[in-house]
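Structure below; questions to follow.
The values are calculated or read from the model by the stated rules, or taken from the named source; none is laboratory data. Predicted model, so just to flag it, every value in this text is computed and none were measured. Please note: Cβ atoms are built from the backbone with ideal geometry, for glycine as well, and neighbour counts cover all protein chains shown. For the accessible areas, the whole protein counts, side chains as well, though only heavy atoms, and no ligand, DNA or RNA atoms are used. Shrake-Rupley method; radii C 1.70, N 1.55, O 1.52, S 1.80 Å.
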Amino acid sequence: MSTTLHQEFAFQRSISPTATEQYSVDEVHHASPEDGELLDVVYDWDRVPVPSSLKEFGARRANVQNPLDVSGVWRFRELLPFAPDEQIVTIGEGQTMLRPSDVAAKHVGVDVGNLFLQYEGLNPSGSFKDNGMTAASTHARMVGAKIAACASTGNTSASLAIFASATGLFRAVVFVGSGKIAYGKLSQALDYGALTLQILGDFDDALSRVREVCRERNIYLCNSVNPFRLEGQKAIMYRVLEGLNWEVPDWIVVPGGNLGNSSAFGKAFMELKELGLIDRIPRLAVINAAGANTLYRLVEEDGLKWNGGDVERSLVQKFYGDMDSENRRASTLASAIEINRPVNLTKCLRAIEVCDGVVREVPDQAILEGKAVVGRGGFGCEPASGASVAGAKLLREQGVIAPSDRVVCILTGHQLKDPNITVGWHMSDTDKINAILGQETIQATPNANGPVVVENDLEKIIAALES
Ligand code: F0G
């Protein structure tokens, strides 16, 4: 591909279809000054040399000498063609796997062989965020950024920090809130050398502050308000299709927090359909934790819709106004998705429409059960990821998902991100979990696998082995 062509066929534009202004991909913007909505990266597909079949992207995997072909994001570079090849920043992200899980299929209630887990925890920093951060880092390099920042519930900060330390292209500054942050994630930001600012507030406070600071000091912002982040996250869906030998599943089930992933997935399928690379679009299920359920309430209870871009914003304003006046704050053990005001709400509404999507909320108990099932039958995941399995189970119980449907649950983060929750859960039969987790709502479960305490005595140890 020509090294300059991208500037002619890739633009940034407000997500709202009525907005008229467009910006070059070499500029840094997030929200449109015209209507305040986040920007989308749009392409003039007639001018992009996109392969005529998805299989051609898969064939590149064999080319281990080219880091862009090895990357699970840039192997699909014609589908996110905003950067010249020589500017692309990669650290080997996207070497992830789609695997069937019979244990999870039985838990969810679909036919064995029909439930697949997409293990995004296998990324370099252990979460799906690396898919987006490789794209944001590439854009940061295109615009010559020297400092990059983000606010985070933990994974975005780990991802930004690893891209900064592994490439040396920019310095990372991360803002975390003072609520729950899993130590696995915090330890990564510290170890990779990011300047870590702990704001006395929650994630939503940290995000609005980092947006202000980036504007004020001309620092490159890497949260999912950055439209290039979402371009990278589209690749998760390309790899899901690749894992299914380019067949489209019936359902994609994903946890919803700030709604970057769900927004990116909807855009991926919208574009693949437009390009004629797929003939149908899977349904999307976005799963909130019941303690952080803004999307669920707005969509399923208040009826908020994309509506061709004419979103009823007064509904959202009222919801947030009530949230503040009632002093309601998100609270869930799945700390990654403990978010009040999801910034990608409008983009997610579009994804829900494109994918005939649904939103569900699941309690922490079901999230941790889903997580334990994933661990029992595979590589494991962090708590927030368990929401996708819990959500699939709920949708199956409600008859929305049929037993014969092919379902893909996205496992967004690695099992080792949050060992306190995992150990606490498995010790639930000894009642320690609620002490560790600081709440009393989690019950013992058949999937709990706590350590057996045995006296330092050979006979008693053998008896414990055989019991
Ligand atoms: N799962 C995990 C493990 C996450 O870290 C996040 C978001 C989500 C799900 C939700 O994804 O925001 O695209 O809807 N974590 C962000 C962070 C907020 O700062 O690491 P989303």
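Looking at residue 333 and the list (1) away from the ligand (no atom under 12 Å from the Cβ); (2) among the aliphatic types (A, V, I, L, M); (3) closer than 19 Å to residue 184 by Cα; (4) not in a loop (DSSP other than H, G, I, E, B), which single condition is not satisfied?
(4)
A further question follows. Quick check, is residue 299 in contact with a helix residue (DSSP H, G or I) (Cβ under 6 Å, 6 or more places away or on another chain) and either over 29 Å from residue 247 (Cα atoms) or crowded, with 19+ Cβ neighbours inside 10 Å (or both)?
Answer is no for this residue.
For the range 87-126, which residues satisfy the criterion of being within 14 Å of the ligand (Cβ to nearest atom) and more than 26 Å from residue 247 (Cβ to Cβ)?
Matches in the range 87-126: 125, 126.
Condition check ((1) at pLDDT 90 or above; (2) open to solvent by 40 Å² or more (accessible area, probe 1.4 Å); (3) within 23 Å of the chain's Cα centre (by Cα)) across all residues:
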position	(1), (2), (3)
398	yes, yes, no
403	yes, yes, no
408	yes, no, yes
411	yes, no, yes
415	yes, yes, yes
419	yes, yes, yes
428	no, no, no
437	no, no, no
440	no, yes, no
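I need the full set of residues from the range 27-49 which are under 18 Å from residue 223 (Cα atoms) and in a loop (DSSP other than H, G, I, E, B), in order please.
Selection gives 27, 28, 29, 30, 32, 36, 37.
I'd like the residue in the range 302-332 that is without any contact (Cβ under 8 Å) to a residue 24 or more places away in the chain and touching a helix residue (DSSP H, G or I) at 6+ places or on another chain (Cβ under 7 Å) and, out of all such residues, is farthest from residue 14 (Cα to Cα).
302
Could you identify the single residue in 99, 61, 141 that is outside any loop (DSSP other than H, G, I, E, B), free of Cβ contacts under 8 Å to residues at least 40 places away in the same chain and of a type outside the set (A, V, I, L, M)?
One residue alone meets the criteria, 61.
Which numbered condition trips up residue 394, out of (1) surrounded by fewer than 16 Cβ atoms within 10 Å (Cβ to Cβ); (2) more than 29 Å from residue 451 (Cα to Cα); (3) modelled with pLDDT of 95 or more?
Result: residue 394 passes all but (1).
Please find, among 129, 146, the residue that is closer than 22 Å to residue 240 by Cβ, open to solvent by 10 Å² or more (accessible area, probe 1.4 Å) and of a type in the set (D, E, K, R).
129
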